[in-house]
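Each remark here refers to the structure printed beneath this line.
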Amino acid sequence: MVWRGETIDRRAFLKAAGVAFTAALAPGSLQALERTDAVYASGFRAPDGSFGIATVSERGEIIDRVALPARAHGLAHSAATGRIVAFARRPGTFAMIFDALRQAEPVIITAPEGRHFYGHGHFSPDGSRLYASENDFEGNRGMIGIYDATDRFQRIGEFDAHGLGTHDMTVSDDGSMLVIANGGIETHPDFGRTKLNLDHMEPSLVLLDARSGALIQKHALPPSLSQLSTRHLDIGDNGRIWFACQWEGARNELPPLAGWISKGEDISLLDLPEETTVRLGNYVGAIAVNRREGLVGLTSPVGGAAVTLDAKTGAVLREEIVREAAGVAPAPSGIAVSSYDGHFNATENAVAWDQHIISLK
Amino acid sequence: MRKLFVASLALLMPAAVLAQEPAPAVTLPEAKVKAVMTAAVDGFIKPGYDAFAASAASTTKVVGVLCASPSKANYEAAQDAFRDTAKSWAHIEIVRTGPIIEQNRFERILFYPDRKSTGLKQVQAVLSKSDESATDPKTLGTKSVATQGLGALEYLLFGADAQMLATAEKDSFRCRYAQAVAGNIANVAEEVLGIWDAPDGIRKAWEEPGPNNPAFRTGGEAMTALLGILVHGAEAVRDQRIETFYKGPDKAKFPKQALFWRSQNTWPSVIANIDGLKTLLATSNMGDLLPEKDKPVVATIDAQLTAMATTAGSVTPDLEKAVADEGERQKLDTLLAEGKDVISKLNDGYGGAIGLSSGFSFADGD
């Protein structure tokens, strides 16, 4: 398959998809596929209350759907293998791995006894390993589960995430390092999604050696920002790791909501303009970097906003009012944004898009 | 608004380009939101903690009478007092936000679920050692949360050898420990009530959403939190009270994991939870925020909750039998299905009607 920059090549997609797949598509979907220059995937909830994952065109039209047994949250895609994984929303215990081209049967894995998925994970660059953020809820510590993608995703090990309330995680481009956002919020499946330690949170950002699990560096936040939950990540140019936060403290404070770290460097918190922080409702639900254009996208369902930053300077380039803004992903031009009320770029769909989009690059 | 200190800063930002004029995610009439939030706090939350604190104080006295004069009648009065306090707690327990979830107050009142029977082991250890420091509510309050709440009190009044309380010597250790547990529960309840009562504290924050409010900047945020009490309360009944011991006919069953199975207070507690949900829904007048065409959703939710309470009340209090008998299991299945319907109706029916869409429950920490 030929890959072109950050977008999947349409002809390659159609060729690989095969006649059977395209013939099975509804006419509208086929039209969408023929028009598209980029393909995304996102979780959704259908009007009948069922859940699934959809592949989506650049314009935001649904191309194909895969049903899920329950609600998903984050997704990961391997450019090397074409596999997509959808993780159950916490405290869910399943992850479904499927092939967007339907060339392989889906695989469902479940978290081992005493663990549940936190909703995010990432493939190694060669696609041979799948890493998943998990909760060791009796031990009250975040873990990174390691699954062998070459052997039906058998669980082959785990690393300590060196924090609690682990949420998003990603892998450096060279595969040598795992990047982990420990949101710092204690939860336990016995108490559903209840946050158990809002008065003594411990957020942190952690870099691990991907081979050994050894701690490379850990950034805790200062005491004044202990209620700033560091939750989502994306990697930009030159190894700069962008993170986005959700504030659990007083609503009338103006905390920093994003920042970056790099290997060997201290944490940098972005000093967004006051009106931008207000617009984001002290809550960033998703973050994505468009490397080619040097952009960072942030979305907030609380504030109903999508914000685009300059990845070099952190300057705010654009703010858009997006009611119930959900996912964000790099687009061929700019940043793609979805919403809980069904909008995905220029298209309104009869689904509720979930919190994250991935670019199938 | 107070800007928080940022340790290391990025560059100062140029003016942003705003693609559209700002508009809040959900726009609700300010006066109506204020009225609903005020009714919720003054008509449900405060009276709920008030009643719970009074019940716990009463139980402390009743157990004190038992300690001073052990007898069958005084023992049964203490058991009845426990039932009353457990129900009183269940009524207000649905509020899983605010001071109750800070400083381990919730767990100090109720340490549950307890899959590893930590509470049982620790309470038995206190009994076997006759640890005198557990007989003073103040020192008990500093011990493990599993030894100082309703779970501990239930074991002391209904667990193995509890009937000795009726015939024991005056001021037995077990009785004094039970009295201290009740006193500790009353102390925590008073503390929570005091925080809600403070004129410039959480009460004001809940009743007057606005830009400088430490809890809610907008009416939409306030209503999201209020609806959240109902949704999470209904979820807790279904997922934490029923599914803890029964998830379906083909799943493993754990009747002794049910809350208050020893005292056969599982269903009274569940019914009191449901009654709390119904009371909050009614006293807050949440329906006033709905467009006329959507107002019937409140009555629908209330009817669904009534059906749940009726079903819960029809299940045998003997939980071993409840999970073993096919007819009883069908009632449990019905209860689980009814719980799912209530959650969906609250989320999509009420939440959707005031413009929260399906996003309401999405933005809660992910």
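Every read-out reported here was derived from the displayed coordinates using simple, explicitly stated rules and does not represent laboratory data. Keep in mind it's a predicted model, so treat the numbers as computed, not measured. When we count neighbours, we look across all protein chains shown, and the Cβ atoms used for this are built from the backbone with ideal geometry, even at glycine.
Below 8 Å between Cα atoms, with a sequence gap of 6+, how large is the relative contact order for chain B in percent?
The normalised contact order for chain B reaches 22 percent.
Using the Cα centre as the reference, give the magnitude of the dipole from point charges on the C-beta atoms of the stretch A:210-361 (Lys, Arg: +1; Asp, Glu: -1; all else neutral), rounded to the nearest 20 debye.
Taking the Cα centre of the stretch A:210-361 as origin, the dipole is about 560 debye.
Work from the charge dipole of chain A (Cβ charges, +1 for Lys and Arg, -1 for Asp and Glu, about the Cα centre) and give the residue of A:V302, A:P47, A:P189 farthest towards its positive end.
The listed residue farthest towards the positive side: A:P47.
Want the number for B:D42 to B:A337: 0.36 nm per residue separation, take away the alpha-carbon distance, what's left?
In short, 103.0 nm is gained.
At 7 Å along Cα-to-Cβ for each site, give me the label-to-label distance between A:H200 and B:K293 in nm.
Roughly 5.2 nm, to one decimal.
Amide H of A:R318 versus every other amide H placed in the peptide plane: which residues, excluding those fewer than 5 positions away on the same chain, fall under 5 Å?
So A:R318 has HN proximity to A:T308, B:V17.
Tally Lys and Arg at +1 and Asp and Glu at -1 over the other residues with C-beta under 9 Å from the C-beta of A:A181: what net charge comes out?
Result for the local shell: 0.
Give the average, rounded to an integer, of partner chain Cβ atoms located within 10 angstrom of each Cβ in A:49-56.
Mean partner-chain Cβ count within 10 Å for A:49-56: 1.
Based on the alpha-carbon gyration tensor of the stretch A:240-352 and its eigenvalue square roots a ≥ b ≥ c, which shape applies: rounded if a/c is under 1.5, prolate if not and a/b is larger than b/c, or oblate?
Oblate.
Mind checking the dipole of the protein assembly as shown: about its Cα centre, +1 per Lys or Arg Cβ, -1 per Asp or Glu Cβ, Debye to the nearest 20?
My answer is approximately 620 debye.
Starting with the fewest neighbours, write out A:H77, A:H167, A:H188, B:H91 ranked by other beta-carbon atoms found within 10 Å of each beta-carbon.
With the sparsest Cβ surroundings first, the list reads A:H188, A:H77, B:H91, A:H167.
Could you tell me how many degrees, from 0 to 90 and to the nearest 10, lie between the Cα long axis of helix B:326-344 and the main elongation axis, the longest principal axis, of the Cα atoms of chain B?
Roughly 30 degrees between the two axes.
State, to one decimal in nm, how far the label point of B:A324 lies from the label point of B:K121, with both points 7 Å from Cα in the Cβ direction.
About 2.8 nm separates the two model spin labels.
Give me the percent relative contact order of chain A, please, defined on Cα pairs under 8 angstrom at least 6 residues apart.
13
In degrees from 0 to 90, rounded to the nearest 10, what is the angle of the helix B:46-68 Cα long axis to the longest principal axis of chain B?
So the inclination is approximately 10 degrees.
What trypsin sites (Lys or Arg not before Pro) does the stretch B:156-200 have in DSSP loop regions with at most 15 other beta carbons within 10 Å?
Passing both the DSSP loop test and the Cβ count: B:K170.
Which distance in Å, rounded to a whole number, links the C-alpha centroids of the stretch A:289-354 and the stretch B:272-338?
The two parts, judged by their Cα centres, are 40 Å apart.
Note down the magnitude of the dipole of the stretch A:3-282 about its Cα centre, charges +1 on Lys and Arg C-beta and -1 on Asp and Glu C-beta and zero elsewhere, to the nearest 20 debye.
Roughly 780 debye, rounded to the nearest 20.
Reachable lysines from B:K204, Cα under 25 Å, same-chain residues fewer than 8 places away excluded?
Reachable lysines: A:K195, B:K3, B:K32, B:K34, B:K46, B:K278.
At a temperature of 4 °C and a viscosity of 1.567 mPa s, determine how fast the stretch B:30-198 diffuses translationally according to Stokes-Einstein, using the Kirkwood radius over alpha-carbon pairs as Rh; express D in µm²/s, rounded to the nearest whole number.
Diffusion coefficient, whole number: 79 µm²/s.
With label points built 7 Å along Cα→Cβ from the Cα atoms of A:D148 and A:S176, find their separation and express it in nm.
In this crude spin-label approximation the distance works out to 2.6 nm.
Let me check against my output: what whole-number percent is the relative contact order of the stretch A:188-248, with C-alpha pairs under 8 Å and at least 6 apart?
Here the relative contact order equals 26 percent.
Evaluate E = 1/(1 + (r/R0)^6) for B:E76 and B:E169, where r is the Cβ-Cβ distance and R0 equals 22 Å; express this FRET efficiency to the nearest 0.05.
The value I calculate is 0.70.
I need the phi-derived Karplus couplings for the stretch A:122-130: 6.51 cos²θ - 1.76 cosθ + 1.60, θ = phi - 60°, integer Hz, Gly and Pro marked x.
Per-residue couplings from phi come out as 7, 8, 5, x, 7, x, 7, 10, 10 Hz.
Where the Cα atoms of chain A are projected onto their three principal axes, how long is each span, largest first, in whole Å?
Answer, in whole Å and largest first: 58, 45, 41 Å.
Hey, what's the Kirkwood Rh for the protein assembly as shown if you take every pair of different alpha carbons, in angstrom?
27.0
Arrange the peptides B:305-317, A:324-336, B:240-252, B:78-90 so that the one whose residues have, on average, the most other Cβ atoms within 10 Å appears first.
Ranked from most to least packed, the peptides come out as A:324-336, B:78-90, B:305-317, B:240-252.
With everything on Cα atoms, drop me the angle between helix B:173-197 and the longest principal axis of chain B, reported from 0 to 90° to the nearest 10.
The angle comes out at about 20 degrees.
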